[in-house]
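Novice: My questions all concern the structure below.
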Amino acid sequence: MSSSEGSASVNIITQEELEASYSSDNYLKSLSVSGYELTPEFNKKTLEYSLELENNIREIKISAKVNDSKADVEGIGKHTLNEGENKITIRVTAENGNVKNYIINAIVKELNP
């Protein structure tokens, strides 16, 4: 519905139309671990990565940027690690609520395997 009077106009849309206009982009633009290389190299469509670390590494810092400024990202920052496999999830939520999970499998070599 549209109404205009003079120079003012008002457009009324349904909730469904409003939600349909929300961005569905839940990709990352970048993903990295300070001081280390992810395997494979980052690609926004690749959802799982590996990282092999020496036994004395107990913490890593993950950085990521969203592809769309209206999306939210969780799981970045510092992560404490244990020996063996550490599964870290980076969750990206688009403006429309769609979620994409990126996984980093950080493997800390065991001192006495």
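The values are calculated or read from the model by the stated rules, or taken from the named source; none is laboratory data. All of these numbers come straight from a predicted model, not from anything done at the bench. Virtual Cβ from ideal backbone geometry, glycine too; neighbours counted across all protein chains shown. Please note that ligands, DNA and RNA were not included when accessible areas were found on the heavy atoms of the full protein model with its side chains. Shrake-Rupley method; radii C 1.70, N 1.55, O 1.52, S 1.80 Å.
Novice: Semi-axes of the chain's equivalent ellipsoid from the Cα gyration tensor, sqrt of 5 times each eigenvalue, largest first, rounded to whole Å?
Specialist: Taking √(5λ) for each eigenvalue gives 44, 11, 11 Å, largest first.
Novice: Quick one: if you stick a label point 7 Å off each Cα along the C-beta vector at HIS79 and THR14, how many nm between them?
Specialist: Distance between label points: 4.2 nm.
Novice: Something else: Using modelled backbone amide H atoms (1.01 Å from N, in-plane), which distant-in-sequence or interchain residues come within less than 5 Å of LEU38's amide H?
Specialist: Sorted by chain and number, the residues that satisfy this are VAL33.
Novice: Applying 1/(1 + (r/R0)^6) with R0 = 41 Å to the Cβ-Cβ distance of ASN67 and LYS109, what FRET efficiency is obtained, to the nearest 0.05?
Specialist: The value I calculate is 0.75.
Novice: With all protein chains present, how much of the accessible area of the chain (probe radius 1.4 Å) comes from carbon and sulfur, to the nearest whole percent?
Specialist: Solvent-exposed carbon and sulfur of the chain make up 43 percent of the total.
Novice: A follow-up question, please. Which whole-Hz ³J(HN,Hα) couplings does the range 58-65 yield from phi under the Karplus relation 6.51 cos²θ - 1.76 cosθ + 1.60, θ = phi - 60°, glycine and proline marked x?
Specialist: 10, 8, 10, 10, 9, 10, 7, 10
Novice: Still on this structure, I have one more. For each pair in LYS65/LYS100; LYS45/LYS100; LYS44/LYS70; LYS61/LYS87; LYS29/LYS61; LYS65/LYS109, compute the distance between the two Cα atoms and list the pairs where it is over 19 Å. Don't skip to the end; give the middle numbers.
Specialist: Numbers: LYS65/LYS100 14 Å; LYS45/LYS100 10 Å; LYS44/LYS70 17 Å; LYS61/LYS87 14 Å; LYS29/LYS61 17 Å; LYS65/LYS109 29 Å.
Check vs 19 Å cut-off fails for LYS65/LYS109.
Novice: Let me ask something else. Suppose only helical runs count, i.e. DSSP H with n ≥ 4. What mean residue ellipticity at 222 nm does that imply for the chain under -39500 (n - 2.57) per run, divided by all residues and rounded to the nearest 500 deg cm²/dmol?
Specialist: Numbers: 1 runs with 6 residues, N = 113.
Helix contribution divided over all residues of the chain: -1000 deg cm²/dmol.
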